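Written below as structure tokens is the structure these notes are about.
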Amino acid sequence: MCGIAGYVGKRRVAPLLVDSLKRLEYRGYDSCGIATLDGGKVWIKKDMGKIDDVDGKMDLKNLPGNIGFGHTRWATHGKVSKRNSHPQTDCKDRIAVIHNGIIENFSELKKRLKRKGHRFRSETDTEVIAHLIEDNLRSGLDLEEAVRKSMNSLKGRSAIIVAERGFPGLIAARTGSPLILGVGRDEYFIASDVPAFLNHTRKVMYLDDGEMVVVEGEPRFRNLTDGKGIEKRVITIDWDAKQAEKGEHEHYMIKEILEQKETIMKAINQDEREIRRVANEINKAFGVFLTGCGTAGKVCQTGEYVFSNVANKHVNYVVSSEFPNYRNFLTKKTLLITVSQSGETADVLEAVKAAKEKGVKVISLVNVKGSTLDRVSDITFLIKAGPEKAVASTKATTAQLAILYLLAYACAGKLNEGKKLLLETASKINDMLNPRYEEYIKKLAKKICREKNVYIIGKALNYPMALEGAIKIMEVSYIHAQGFAGGELKHGPIALIEKGSPCIVLTANDGMNNIIGNAMEVRARGGFIIGVGPKRNEVFDYWLKTPDVGLASPIVNIIPVQLLAYHLGVLRGCDIDQPRNLAKSVTVE
Ligand code: M6R
């Protein structure tokens, strides 16, 4: 779950790479480094810390040359240290490698290489690749073949870029982790994600799993297994660089929360024939599963309730990391619906692999067009939220929810009714997200920002949103937060309630919501009740009003909690867009 970016062209490469890495920093940010090729030498600078800090300390931008690559790390193998930062090199510092992924058989490979006399200087799995390539070069292969053979020895998911002293270009390859080639005028970009080069080009060529590209003059794509050449199409993507900027906002997170004024409207602008066709598949299927991770998982869990309430249809939510354990329930008649903002989450891709092995059809809700999930799915609905850069997912969440609602309404043969509800919801969100509303939430954040624990309860459709609200508060403010089904508190967790314990209560006018009784139980034990919903209740100590949108309440109720999480994080001086220990795309299992 690191960010990698490379460049081959005529411009000075180092400043360009620093800029690209900053745009990829959401993928990992515990250390970074750059390698450039110039004057027959590989130049490397790297250290612990974020790009700006390392650049300030080491002047990364000053490295010479027009070819190079950079890496921003989210540590997996080996602690966060300068030694473990990328690039990693071979024994003679002739080959430099950056890597995103995990090499499952790295211990065996390392032992074998050590026996052959290779000297290792880091604890990373990545260093193995540099020595493997070195070894293959020693046996007489050229760089291209040496990289290909080395990639074929690796188990697990990897994306790499390789540079060698004297080679006038870069070689990149992928098995699992994402890699995209950006095509400029006489210049090429390679990166784990499009925003890395979006300010230079919108023309891209996607590498598929098991492919490599040699960028030396015109890029040449090859199959990793048999080395055969592959034809690729240039695709123009419709995100523009501005969408991926913070603009006047202090953080991406607040920008993205406020964008929900428009994103739901965009999300539901789908091809109705396709929605109906998929709804038909859902109705026909024998066993429908919904899967995703983290926030996207909570969206799926909400989907379970939505399909049940709207379409009287039983769909099963299974968190992606557990999905392969359900393989015995899968048949050719099963349908899998996956939800993922990035489309690169390894656990989701593993779930898809398990499903495909059983002949299951896969339908995905994805934000990033061209992502691995988009490409391996039988049908994709793009959620059209635009680039989401903050690690904490916000606008993608509500866009994903909106599409699940559309599908559920279509399954019930009531697509137009569903669309009407969502249009109404979108317009009410537009009204709700005004500066006064945010100020009011800020006031609440000031009141509770020194608390150690926050509880959130919800029922039915709002239960998964209680879990999601807890994720938001924890990841952005580092306050311990826990979500519960309202009815569960009295079975244990209520023991935690003390005088003043903040408890957020998600309410709705959906005919299923008798959660006020649970709020009263908490209040009776001294809890500070923060009500979220369309109607004030006397049990609320603080009320965050949300519009009355009936069954669509999860879409509106999560928004004030996102805002609260944001302001709690700001008041506590947290790193809002890049919370500690996290990364935006979790491309490792
Ligand atoms: O890109 P994905 O939607 O597949 O990501 C899944 C989770 O990693 C993600 O939702 C994560 O939980 C977010 N940081 C939550 O805000």
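The values are calculated or read from the model by the stated rules, or taken from the named source; none is laboratory data. Just so it is clear, the model here is predicted, and its values are computed rather than measured. Please note: Cβ atoms are built from the backbone with ideal geometry, for glycine as well, and neighbour counts cover all protein chains shown. Heavy atoms of the whole protein, side chains included, go into the accessibility calculation; ligands, DNA and RNA do not. Shrake-Rupley method; radii C 1.70, N 1.55, O 1.52, S 1.80 Å.
Panel values: the chain, Kirkwood radius from alpha carbon pairs, Stokes-Einstein at 20 °C and 1.002 mPa s, translational diffusion coefficient 86 µm²/s. Each part reduced to its alpha carbon centroid, segment 454-520 and segment 538-559 end up 13 Å apart.
Between amide H atoms placed 1.01 Å from N, distances below 5 Å from Ser31 occur with Gly49, Arg73, all of them 5 or more places distant or on a separate chain.
Quick check: net charge around Arg536, other residues with Cβ under 14 Å of its Cβ, Lys/Arg +1 and Asp/Glu -1?
Within the 14 Å Cβ shell, the charges total -1.
Could you give the size of the charge dipole of segment 221-376 about its Cα centre, using +1 on the Cβ of each K and R and -1 on the Cβ of each D and E, expressed in debye and rounded to the nearest 20? Can you show the working numbers first?
Working: 24 positive and 21 negative charges, 167 e Å.
Dipole of segment 221-376, to the nearest 20 debye: 800 debye.
On the principal axes of its alpha carbon atoms, segment 3-243 extends 51, 43, 33 Å, with the longest extent given first. Between the alpha-carbon centres of segment 35-85 and segment 126-154 there is a gap of 22 Å.
Taking all protein chains as shown and a probe of 1.4 angstrom, Cys91 keeps an accessible surface of around 20 Å². Quick check: from the Cα gyration tensor, does segment 216-307 come out rounded (a/c under 1.5), prolate or oblate? It comes out oblate by the Cα gyration axes. Each of Asn537, Pro219, Ile429 was scored by the projection of its Cα onto the charge dipole of the chain, and the greatest displacement toward the positive side belongs to Pro219; charges sit on the C-beta of Lys, Arg, Asp and Glu.
Helix 415-432 axis versus longest C-alpha principal axis of the chain: approximately 90°, rounded to the nearest ten. When both segment 201-228 and segment 234-284 are represented by their alpha-carbon centers, they are found 28 Å apart. Between Phe528 and Gly500, Ser501, Cys503, the built amide H atoms are under 5 Å apart, and every one of these is 5 or more places off in sequence or on another chain.
Determine the order of Arg119, Arg148 by accessible area, beginning with the largest, at a probe radius of 1.4 Å. Can you show the working numbers first?
Details: Arg119 135, Arg148 35 Å².
Greatest to least solvent exposure: Arg119, Arg148.
I need the Kirkwood Rh of segment 244-374: take the reciprocal of the average 1/r across all distinct C-alpha pairs and report it in angstrom. Walk me through the intermediate numbers first.
Numbers: mean 1/r = 0.0634 Å⁻¹.
About 15.8 Å for segment 244-374.
Applying D = kT/(6 pi eta Rh) to segment 447-535, where Rh is the Kirkwood radius over alpha-carbon pairs, T corresponds to 25 °C and eta to 0.890 mPa s, the Stokes-Einstein value obtained is 192 µm²/s. The Kirkwood radius of segment 500-589, taken over pairs of alpha-carbon atoms, gives through the Stokes-Einstein law at 20 °C and 1.002 mPa s a diffusion coefficient of 145 µm² s⁻¹.
Under the definition of Cα pairs under 8 Å and six or more residues apart, what whole-number percent is the relative contact order of segment 3-243?
Computed over segment 3-243, the figure is 19 percent.
In sequence order, segment 81-89 has phi-based couplings of 7, 4, 4, 8, 5, 9, x, 10, 10 Hz under the Karplus curve 6.51 cos²θ - 1.76 cosθ + 1.60, θ = phi - 60°, and Gly or Pro positions carry x. Summing charges over neighbours of Lys92, with a neighbour being any other residue whose Cβ is under 15 Å away from its Cβ, gives +1 when K and R count +1 and D and E count -1. Normalising the average separation of contacting C-alpha pairs (under 8 angstrom, six or more residues apart) by the number of residues puts the relative contact order of segment 434-578 at 29 percent. Taking all protein chains together and rolling a 1.4 Å probe, Tyr26 ends up with roughly 10 Å² accessible.
Shape call for segment 537-589 from the C-alpha gyration tensor, a ≥ b ≥ c root eigenvalues: rounded (a/c under 1.5), prolate (a/b greater than b/c) or oblate? The shape class here is oblate. Couplings 3J(HN,Hα) of segment 463-477, computed from phi: 5, x, 6, 5, 5, 5, x, 5, 4, 4, 5, 5, 6, 9, 10 Hz, in residue order, whole Hz [Karplus 6.51 cos²θ - 1.76 cosθ + 1.60, θ = phi - 60°; x for Gly and Pro].
How much net charge surrounds Gly182 when only other residues with a Cβ under 9 Å from its Cβ are counted (Lys, Arg +1; Asp, Glu -1)? Numbers along the way, then the final one.
Working: positive: Arg202, Lys203; negative: Glu187.
Neighbour charge sum, excluding Gly182 itself: +1.
Every pair of different Cα atoms in segment 225-278 enters the Kirkwood calculation, which places the hydrodynamic radius at 15.3 Å. The figure for Thr345 is an accessible area of roughly 20 square angstrom, using a 1.4 Å probe on the protein chains alone.
For the chain, what relative contact order do you get, as a whole percent, if you take Cα pairs closer than 8 Å and at least 6 residues apart? Please list the in-between numbers first.
Numbers: 1367 pairs, mean separation 68.4, N = 589.
With pairs under 8 Å counted, the relative contact order is 12 percent.
Rolling a 1.4 angstrom probe over the protein heavy atoms with all chains in place gives the chain an accessible area of 38 Å² per residue.
With a 1.4 Å probe and all protein chains kept in place, how do Lys114, Lys22, Lys584 rank by accessible area, largest first? Display every interim value, and only then the final one.
Working: Lys114 115, Lys22 85, Lys584 25 Å².
Sorted descending by solvent-accessible area, the residues read Lys114, Lys22, Lys584.
The accessible surface of the chain, taken with every protein chain in place and a 1.4 Å probe, is 48 percent carbon and sulfur. Checking the table Lys228/Lys384; Lys443/Lys535; Lys57/Lys155 against a 27 Å threshold on Cα-Cα, which pairs fail? In this structure, Lys228/Lys384; Lys57/Lys155 lie more than 27 Å apart at Cα.
With all protein chains in place and ligands, DNA and RNA left out, the 1.4 Å accessible area ranks Arg536, Arg11, Arg112 as Arg536, Arg112, Arg11, largest first. Does segment 1-98 come out rounded, prolate or oblate, given a ≥ b ≥ c as the square roots of the eigenvalues of its C-alpha gyration tensor, rounded meaning a/c under 1.5 and, failing that, prolate meaning a/b above b/c? Note, shape of segment 1-98 comes out oblate.
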